[in-house]
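Trainee: What follows is a structure written as structure tokens; I'll ask about it next.
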Amino acid sequence: MDGRGAETPRSPLTSIGLKMDRTEPNQTGPGQVETLNHLFFLCPYAKSLWNRLLRRPLLLQMLTSDYAAELADRWSRARNLLSGQFKDHFDLLFTASCWELWNERNKRLFEDQLKQPTFRSQNILCTVRSWKAALGDTDSI
């Protein structure tokens, strides 16, 4: 309820279990927002997905720890732990992971569908391989 006694509209995102943070911008309704940090890094689904994809514990911690960092900062800090071709591989993996997490969010929100993290992680690796092939990169990932 708001101060006038009217019911505060709920975001459709709460119906799929996304944590609503009232301190960040990009409001989806009065007093409610969907945070990118929660969607891409902090929700249990995202953490499970990153855990399946990353073998280095420090990278995993850098991306999924509960510190107040924006998407670009998390990417940059994790990327700085790598060198050479691993940075390029990480860039593709990071981008494809965010893409698939966004797709998962939309499937849940608009089509009431859920894919297991195993399925999404396989999609991510296929996407990365396709992007690498399109770029003419023959290194395996």
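Trainee: Would you kindly find the accessible area of L93, with a 1.4 Å probe and non-protein molecules such as ligands, DNA and RNA excluded, rounding to the nearest 10 Å²?
Mentor: 20 Å²
Trainee: What do you reckon, how do C126, C43 stack up by accessible area (1.4 Å probe), largest on top?
Mentor: Greatest to least solvent exposure: C126, C43.
Trainee: Follow-up question, since we're still on this one. I want to check the label-to-label distance for W131 and K107. Put each point 7 Å from Cα in the C-beta direction and report it in nm to one decimal.
Mentor: Label at W131, label at K107, 1.8 nm between them.
Trainee: What does the C-alpha gyration tensor say about the overall shape of the stretch 36-133? Classify as rounded when a/c is under 1.5, otherwise prolate if a/b is larger than b/c, or oblate.
Mentor: Oblate, because a/c is 1.5 or more while a/b does not exceed b/c.
Trainee: How long is the gain from L58 to S83 if the chain were fully straight, where each residue apart is worth 0.36 nm and the alpha carbon distance is subtracted?
Mentor: This chain segment gains 7.6 nm when fully extended.
Trainee: Give me the one-decimal nm value for the distance between modelled label points at D66 and T95, 7 Å along each residue's Cα-to-Cβ direction.
Mentor: That separation, rounded to one decimal, is 3.2 nm.
Trainee: List every residue whose amide H lies under 5 Å from the amide H of E34, counting only residues 5 or more places away in sequence or on a different chain, with H placed 1.01 Å from N in the peptide plane.
Mentor: T28
Trainee: Same structure, new question: Kindly rank 54-62, 107-115 from highest to lowest mean number of other beta carbons found within 10 Å of each residue.
Mentor: 54-62, 107-115
Trainee: Okay, moving on. Sorting W50, W102 by accessible area (1.4 Å probe), largest first, what list results?
Mentor: Largest to smallest exposure gives the sequence W102, W50.
The values are calculated or read from the model by the stated rules, or taken from the named source; none is laboratory data. Here the structure is a predicted model, which is why all the values come from computation and not from measurement. Every residue, glycine among them, receives a Cβ derived from its backbone with ideal geometry; neighbour counts consider all protein chains shown. Keep in mind that these areas ignore ligands, DNA and RNA; they rest on the heavy atoms of the full protein, side chains included. Shrake-Rupley method; radii C 1.70, N 1.55, O 1.52, S 1.80 Å.
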